[in-house]
């Protein structure tokens, strides 16, 4: 009898580090000889995460145009298509970072309809420290409205396992404070501190994910009006741009500079970024830069240490700003980039919008 495929869904707010953790987990499982596939998810096509994971040699399918919960069959079709090439042992799924209620809309319908095909790991949610510290402590300048914070909190509420990421960037005092907040406000869940980037405590995460999802004696209550309004407060932008110059362009410097040019414009508008991510490539060389909040540094998460005369840049921005203003901000940064690097840019595609109201394909009504 064929063993069931292990389904691991990693949730968490925008910029929490889901893609980095999924990459680390995939390498770990591949080291054990397992065939690993990944499903990414976004409100629109042109996702940095998809291209980054593919550049690392992973088999990746993208569900674009809506979140998993609103396109359940898109998710199951994406998983089924893997089997036409090689049946996976493990599927890692990364839902949209502004999405919640995934147990009721994804996990339970999968268990009901595809019970024999999959075994579900405990639902892990990554806590993003930069906004988590402010939100969970009620601190000033939290960056988002109460409606957007509602989504952040609901993600933690439905979790079976809470992963506090970026331990390498946190002081002992911050770690203690975060643990206390989580244990007080979301009791009964295992808490693991880790660094998805360095791999610290990855073994503890793997051990926890080796178990099975617990039976739910009740489902989380979700106010879909507040949820929808919280999502709609974020402007969403995906763009693909080429930058060409006569002299070779340093990929890593370019992706970092794109982020900082956008960041400066957002600061002038007092607009809080939930996540900025830029993927730069030339041939097989790839560099990626990230910004996850207004008070954290821009980070080169993937270094290419390479150059190219023509770079392809994929820009993903999730910001507390209207889509028109966000598009104008990014376009201005791209123009400034061309001037600084004495090159010319061409916008291949750009899409900016607010996410629509979430309407799940299925939602378990009773347990």
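The values are calculated or read from the model by the stated rules, or taken from the named source; none is laboratory data. From a predicted model like this one, the values you see are computed outputs, not experimental measurements. Reconstructed Cβ throughout: ideal geometry from the backbone, glycine too, with neighbour counts over all protein chains shown.
For the stretch 228-241, state whether one or more residues are over 20 Å from the mean Cα position of the chain (by Cα), at pLDDT 95 or above and under 30 Å from residue 346 (Cβ atoms). There is at least one residue in the stretch 228-241 that is over 20 Å from the mean Cα position of the chain (by Cα), at pLDDT 95 or above and under 30 Å from residue 346 (Cβ atoms).
Of all residues in the stretch 24-37, those being without any contact (Cβ under 8 Å) to a residue 40 or more places away in the chain and either more than 12 Å from residue 57 (Cα to Cα) or buried (at least 16 other Cβ atoms within 10 Å of the Cβ) (or both) number 3. Among the residues of the stretch 258-286, those identified as closer than 18 Å to residue 128 by Cβ and part of a strand (DSSP E or B) are 273, 274, 275, 276, 277.
The residues of the stretch 54-64 that are in a loop (DSSP other than H, G, I, E, B) and surrounded by fewer than 17 Cβ atoms within 10 Å (Cβ to Cβ), listed by number, are 56, 57.
Against the test of being in contact with a helix residue (DSSP H, G or I) (Cβ under 9 Å, 6 or more places away or on another chain), part of a strand (DSSP E or B) and touching a residue at least 40 places away in the same chain (Cβ under 8 Å), the options 334, 347 yield a single qualifying residue, 347.
Across the stretch 206-227, the number of residues qualifying as out of contact with any helix residue (DSSP H, G or I) (no Cβ under 7 Å at 6 or more places or on another chain) and surrounded by fewer than 18 Cβ atoms within 10 Å (Cβ to Cβ) comes to 13.
Scanning the stretch 309-321 turns up one or more residues that are within 24 Å of residue 165 (Cβ to Cβ) and part of a loop (DSSP other than H, G, I, E, B). Scanning the stretch 306-333 for residues that are surrounded by 21 or more Cβ atoms within 10 Å (Cβ to Cβ) and within 24 Å of residue 234 (Cβ to Cβ) yields 313, 314, 315, 316, 317, 318, 319, 321, 326, 329, 330, 333. Out of the residues in the stretch 236-270 meeting the condition of being free of Cβ contacts under 8 Å to residues at least 60 places away in the same chain and more than 24 Å from residue 97 (Cβ to Cβ), tell me which one is surrounded by the fewest Cβ atoms within 10 Å (Cβ to Cβ). My answer is 268. Where helices (runs of 4 or more DSSP H) fall entirely within the stretch 137-245, those with at least 2 residues that are under 29 Å from residue 325 (Cβ atoms) are at 146-157, 224-232. What number of residues within the stretch 109-135 satisfy the criterion of being under 15 Å from residue 159 (Cβ atoms) and modelled with pLDDT of 95 or more? Of the residues in the stretch 109-135, 8 are under 15 Å from residue 159 (Cβ atoms) and modelled with pLDDT of 95 or more.
If I ask for residues that are farther than 27 Å from residue 165 by Cβ and either surrounded by 20 or more Cβ atoms within 10 Å (Cβ to Cβ) or touching a residue at least 40 places away in the same chain (Cβ under 8 Å) (or both), which ones from the stretch 271-283 would you list? Working first, answer last.
So in the stretch 271-283, the residues farther than 27 Å from residue 165 by Cβ come out as 282-283.
Passing the criteria: only 282.
Here's the yes/no breakdown for (1) in contact with a strand residue (DSSP E or B) (Cβ under 9 Å, 6 or more places away or on another chain); (2) surrounded by 15 or more Cβ atoms within 10 Å (Cβ to Cβ):
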| residue | (1), (2) |
| --- | --- |
| 69 | no, yes |
| 72 | no, yes |
| 77 | yes, no |
| 82 | yes, yes |
| 86 | yes, no |
| 91 | yes, yes |
| 100 | yes, yes |
| 105 | no, yes |
| 111 | yes, yes |
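Give 261, 266, 256 a once-over and let me know the one that is closer than 26 Å to residue 126 by Cα, outside the structural domain of residue 103 (by TED's automatic domain parsing) and in contact with a helix residue (DSSP H, G or I) (Cβ under 7 Å, 6 or more places away or on another chain). Of 261, 266, 256, the one residue that is closer than 26 Å to residue 126 by Cα, outside the structural domain of residue 103 (by TED's automatic domain parsing) and in contact with a helix residue (DSSP H, G or I) (Cβ under 7 Å, 6 or more places away or on another chain) is 266. Filtering the stretch 31-46 to residues that are at negative phi and touching a strand residue (DSSP E or B) at 6+ places or on another chain (Cβ under 6 Å) leaves 34, 36, 37, 38, 39, 40, 41, 42, 43, 44, 45. Just one residue in the set 55, 66 is out of contact with any helix residue (DSSP H, G or I) (no Cβ under 9 Å at 6 or more places or on another chain) and closer than 23 Å to residue 239 by Cα; that residue is 55.
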